[in-house]
Structures are given as structure tokens and as C-alpha cells.
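One structure, as C-alpha cells, below. Some questions next.
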Amino acid sequence: MKKLLLLSMTFLALLACKSDDNDMGTDDTPPPPDPNTVQLRNNANFGNILTDAEGMTLYFFSLDSKGDSNCVDGCKASWPVFYAEDLTLDDGLEESDFGSITRSDGDMQTTYKGWPLYRYASDNAADDVNGDGVNDVWYVAKPDYSVMMTLAQLVGRDSGGVETNLTSTYEPGDEQTFYMTDANGNTLYSFVNDTNGVNNFTNEDFSNNPVWPIFEEQLQNIPSILDANDFGSIDVFGRTQLTYKGWPIYYFGQDAQRGDNFGVGFPVAGIWPILNPDIEIAPEPEPNAVRLRDNTTFGNILTDAEGMTLYFFSPDSKGDSNCIDGCKTNWPVFYVEDLTLDDGLEESDFGSITRSDGDMQTTYKGWPLYYFINDNAADDVNGDGIGDVWYVAKPDYSVMMTLAQLVGRDSGGVETNLTSTYEPGDEQTFYMTDANGNTLYSFVNDTNGVNNFTNEDFSNNPVWPIFEEQLQNIPSILDASDFGSIDVFGRTQLTYKGWPIYYFGQDAQRGDNFGVGFPEAGIWPILNPDIDVAPQADGATSYDVTNQGATEYIFNGSGLSDASNPDLTLKRGETYEFVVAAPGHPFIIKSVQSIGTGNAYNDGVTNNGAATGTVVFTVPNDAPDTLYYNCEFHSPMTGTLTITD
């Protein structure tokens, strides 16, 4: 019985063991993977850094820019070599960035972007970074340096190909110099002729870029010895170049290998220095000889390098200076031999003349340039409008004014001096030109806003070309509200006081005004502020009226183009049509400037208050001198109607 009981217990024990064995055999959880041999870890102070599999920080040594290790003998005790035979990498690291070298002592060493990798003996635990910045030559290994620092012998190569060891002051000699490279150990340079934020080397077509390629890196991370505030970037003909302390940064095309620094000797030593924290801030550029400055009253104006305002003289429309003798005392001549220009100015617009007194003078768009004696400081503009003949020099005049003798040329080619009334005689007449001094004309058979000369096929346009300028700026003696534009068979012609404006095809030179005599005197008058408003055409004057939101009526037609809430002058006895297309904005002619329908002026008015349709107004002879148009609902949408005989 005891024997049977013993056998039963043994059997149960065996079953239990077998059950335990089965339970262990069904655990399918895989063992944790080995950590990658190079990890990318986020450090609270340094961001993403490279570590070994145990999280111990890896480092670069500045002296290794050529890709060989210069940490030998006793250096290795403090900076042990890192080598991983079976390289595995964390996400974010590229295998192509890694390599290995055989060191001079026979050991193998792993490299990253060509830089040999080291540990630091004083890092005692994972994520320690105690080695960064040691002696200014050791830096934590990071994947996203934009630049690096190296310490190496400078070896310049001159324009003849001769190589010479150079010191940090670019004298012949042996010295380890501290300088900047890109992330791959390629030397970076500055150019002594550059100024702060200005690349004075690269051609617009980049034809010389292979010699000194611009450094187009976007700044990310930098060694801890550098200050990110010292870096910037500039636009170089549409491409972005990194700067350091204002110096634009370049490569040298003949540096074929990482660590080469031949550029310090080309074409002679010191023209293309290396960059390091000891370099002085780049000098500020000399101000350009002609500057474009924004004046609070006049907008963009031309000044000299010191900001002193420059001027045009109306009688100079032919391009010669008429300010001579005593005039020069008040209006000194401006001349610069070495012309440099601010952005926004074109070299082709400038020239120079030899004056009748033998002096040289700079011109802009053919107009000689002057100072004014009573401008005492930069940005003073005390000379504009003096005598109605002196105007501040601006780059964007659409028209100019001149004072000159009219010389008409009739249909037979006979030239005759004419007065301002187009009678034979000598007189200086004040009239309008384009920005380049070419005379502008009106045509006596035109009416207000109506070109009655130009053929639909423009076959006669070469004789009297329409003036197709878009109005920008005008001399201060003129009023911008006197200008408008009209559509001439799909092209836009500028008008002045309702008169369509033309050139004369036979005016071959700036300052010519032969058109005043063609085909006989008085048919094609010049334009100046004394000219009467162009007469209205027979029948009703018509305006197309639309709206811009709830703030503006927009008028077109009869000399107006996209005019916002314009004031109009209407004549008693004449008829005006307002073709309104402004839904929600009823157009009402009123005796009081107000919203609502009260005080509507209905005498002679048909369809007053239309938001869509034509309002016709035949002005009664007893109409008051002032009326208004108003939107029924929105007070900003209004204008004044001045009633005249």
C-alpha cells in the first residue's frame, strides 16, 4: 500500500513538471533588441546629439578637419577612440554619413561626415556632455551643424600655383590657426572688398561663382564657441548667402579636399581671409553716390551720398544746363565721377554733361542735377517749387514742366519761333513734357475725355502718338485731380483737364516742340495749368457709376478712370447721365450732403435715387451753385457737384 501511494505521488509530480515545461514553452515575447551602435538622443542643453549604444556622448576634435585623427599618444587617454565594426543607426541618421579610418597607431575609428568620433573620459554616465568646448577644440557630435571650427596650418596657393605656409596674419610662417569650415570640413572664407551685408564679388549671372562659390547653407546649429547672433543672410541675385559678423561667406573653388585652405593665398595672401570669432565686424558700406530716400512730404526723392536733396531745373529740358553765372551760387552743380546707386535706381537713367562753363554735371533721365543752397541738412527740401521752375528730383515723375522757346514747324517744314499764344515771336513758354523732357500736346478738335484724332487701326498714331503713361508723381505746381485717362480703342491715353495728351512724331530730340506749328500754329497746343478745361462734347456727358463696398462710388468716363467719390463740375443748361450699377446703394442728387431721401434735388433730374439704371440730370439755369450726390444709406459714398455757367 505504501509502495502504491509513493508511485502515485511520483506520477503527479511528473505531470506537474510537464505542465510547467509547457507553460514556459508558450511564452512568445521576443527578447529586447540590442541598442543601435550609434544613437541619436535628445539632450536638454544640446538638442540632438550622437551617442554610443550605452548613451555615452560622442565628440569631434577640431584638428581633424582633413579626416585623419590628430588625437594620439596621451590624448587618447582623455579622449578614447570610438569604433563600431557592425554599424547600426537610430532613425534620423544616414549610413552614407558614416565611415571608418585606420589611425596612425593602427587602431580603427568610426567617422561621421568625415570627423573621427571620440568619447570623453570625464563623462561618467549616459547623457553626460562634459567635453563640449574643452580647450575650444572639442565639440559634442551633432547631426545638424551648419558650420564647424578647425585648428590647422594655413597653406595658401597664389595665382601662380605656388603654395606657402601662412600664419593667422597671412605672413609666411608656421602656425596653427583657428577657423571656420562647413559641416564637412571644407574651409569658409570672407572677401576683404565686401562690406556689411554686401557681396561685392559675385556677378549677377554667377559666372564667377565657380571660383568663389557663395555659401548657401541655412543656419541650424553651430559649435558652442560661436554666437548665433553673429550670423545672418543676404540675397544675392535671388539666392541666399550666409554671413558672419556681416561678412558674406564663400568657398574656394580650388579647395578640392576637405581641410584644404588654399584660398587664403589667392591671388595673393590676405585677400580672402578665413573666419573665426576674432574677425572684426564687416565695415558698413559707403553710402551710394546717388541715394533714393523716402521723404515724408515728397515720397521717394534723389539725394547725394550725405542725403542732401537734388533738383531739376525746368529750362533744362533739352539736357543742357541753363543755370549759369550767378544762378550756380544758389543752385550748385551736382557731379559724381564714380556713380553708385541705391536699389530702385537704374544706371541707364544717369549720364553726365560738360556744361558751357566747362564743369561736369551728372544728369538723371537727361535732366541736369543740382543742390539748393538753402538746404541745410539731409532731407531738407526747401527748393521745390521755387519760381515754379525748380523741382525736387524724383524717379517716378509721369510728367515734368519746362520753360522754353516754342519753335513751330509747319507742314512745309518751315520753323518759326512762337509765343504762348502761337503768334510769331520770342517768349519763354511754360509747358508740360514727359519725364524725359519730350513735349506733350493737346488737339483743338478734341473734347472733354474724347480723342477725335486717332484712327481705330492707329494708322495715324506715328504722326501724333497717344501718351500712354500711367500717372504716378507730378511736379508740385500741378494738381493730380486734373489728370485722368480714357480708353482709345483698347489702349489707355492720359488726359489733362479733359484734354487727351499726345506726342508729336517729328519731335526727334528731347526739348523739341515743333508740333505747336503743325500743320499750322495753334492746332496742337502745349499743356500747362493755364489751359482751359476741355469743352464737353455735344449732347449729354455720361459717367458709369459703380461702387466699392459701402465706402466709395467709382466713376468712369468723361475723363475719369476709377475715380473714387470725385467732385464734379457741371454747367447750367447741359445734360449729364449717371449710368448707375451699384445694387444696394441708391444714387441721389441732393441739396444737402446727407443720407436718406430728404432734401433730394429733383429739378431737371430723371430717375433720381436709382441703384441700377440711368440718372439723367439737365442742370436748370437757376440751379444752386452747390449740390451733392449721396448714397441713401452710406454716408462715405458722396461727392460735391459744383454748378457753373
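The values are calculated or read from the model by the stated rules, or taken from the named source; none is laboratory data. Just so it is clear, the model here is predicted, and its values are computed rather than measured. Every residue, glycine as well, gets a Cβ built from its backbone with ideal geometry; the counts of neighbours run over all protein chains shown. Remember, those area values only see protein heavy atoms, side chains included, never the ligands or the DNA or RNA. Shrake-Rupley method; radii C 1.70, N 1.55, O 1.52, S 1.80 Å.
Determine whether segment 427-439 contains at least one residue that is open to solvent by less than 40 Å² (accessible area, probe 1.4 Å), β-branched (Val, Ile, Thr) and under 15 Å from ARG510 (Cα atoms).
Yes: segment 427-439 contains one or more residues that are open to solvent by less than 40 Å² (accessible area, probe 1.4 Å), β-branched (Val, Ile, Thr) and under 15 Å from ARG510 (Cα atoms).
Next up: Looking at LEU339 and the list (1) more than 20 Å from GLY437 (Cα to Cα); (2) surrounded by 17 or more Cβ atoms within 10 Å (Cβ to Cβ); (3) of a type outside the set (Phe, Trp, Tyr), which single condition is not satisfied?
(2)
Being under 24 Å from GLN548 (Cβ atoms) and among the small types (Gly, Ala, Ser) is the filter here; which residues of segment 605-645 pass it?
GLY609, ALA610, ALA611, GLY613, SER635, GLY639
For segment 567-603, name all the residues that are closer than 26 Å to LYS497 by Cβ and part of a loop (DSSP other than H, G, I, E, B).
Once the filter is applied, which keeps residues that are closer than 26 Å to LYS497 by Cβ and part of a loop (DSSP other than H, G, I, E, B), segment 567-603 yields ASP567, ARG572, GLY573, GLU574, GLN593.
Taking the stated definitions as given, is LEU50 aliphatic (A, V, I, L, M), in a strand (DSSP E or B) and crowded, with 17+ Cβ neighbours inside 10 Å?
On the way: aliphatic (A, V, I, L, M): yes; in a strand (DSSP E or B): yes; crowded, with 17+ Cβ neighbours inside 10 Å: yes.
It is true that LEU50 is aliphatic (A, V, I, L, M), in a strand (DSSP E or B) and crowded, with 17+ Cβ neighbours inside 10 Å.
Identify, please: which residue in segment 327-336 is within 19 Å of PRO395 (Cα to Cα) and among the aromatic types (Phe, Trp, Tyr) and is, among those, surrounded by the most Cβ atoms within 10 Å (Cβ to Cβ)?
PHE334
Quick test for you: out of ILE324, ILE353, ILE274, ILE301, pick the one residue that is of a type in the set (Val, Ile, Thr) and surrounded by fewer than 17 Cβ atoms within 10 Å (Cβ to Cβ). Give the derivation first.
Details: ILE353 fails: surrounded by fewer than 17 Cβ atoms within 10 Å (Cβ to Cβ); ILE274 fails: surrounded by fewer than 17 Cβ atoms within 10 Å (Cβ to Cβ); ILE301 fails: surrounded by fewer than 17 Cβ atoms within 10 Å (Cβ to Cβ).
Exactly one residue qualifies, and that residue is ILE324.
Considering only residues that are in contact with a strand residue (DSSP E or B) (Cβ under 6 Å, 6 or more places away or on another chain) and of a type outside the set (Val, Ile, Thr), look in segment 484-495 and name the one that is surrounded by the fewest Cβ atoms within 10 Å (Cβ to Cβ).
The selected residue is GLN493.
Give segment 418-429 a look and list any residue that's part of a strand (DSSP E or B) and either more than 25 Å from PRO368 (Cα to Cα) or acidic (Asp, Glu) (or both), or say none. Spell out the reasoning first.
So in segment 418-429, the residues part of a strand (DSSP E or B) come out as 418, 424, 428-429.
Correct list: LEU418, PRO424.
Among residues belonging to segment 461-475 that are assigned to a loop (DSSP other than H, G, I, E, B) and touching a Phe, Trp or Tyr at 6+ places or on another chain (Cβ under 7 Å), point out the one that is most open to solvent (accessible area, probe 1.4 Å). Please lay out each step first, then the result.
We begin by selecting, within segment 461-475, every residue assigned to a loop (DSSP other than H, G, I, E, B); these are 461-465, 467-472, 474-475.
Filter once more, so that each one left must be touching a Phe, Trp or Tyr at 6+ places or on another chain (Cβ under 7 Å): 464-465, 467, 471, 474-475.
Details: TRP464: 5, PRO465: 31, PHE467: 3, LEU471: 57, ILE474: 31, PRO475: 0 Å².
The extreme case among them is LEU471.
How many residues does segment 25-57 hold that are more than 26 Å from TRP138 (Cα to Cα) and among the small types (Gly, Ala, Ser)?
Residues in segment 25-57 being more than 26 Å from TRP138 (Cα to Cα) and among the small types (Gly, Ala, Ser): 1 in total.
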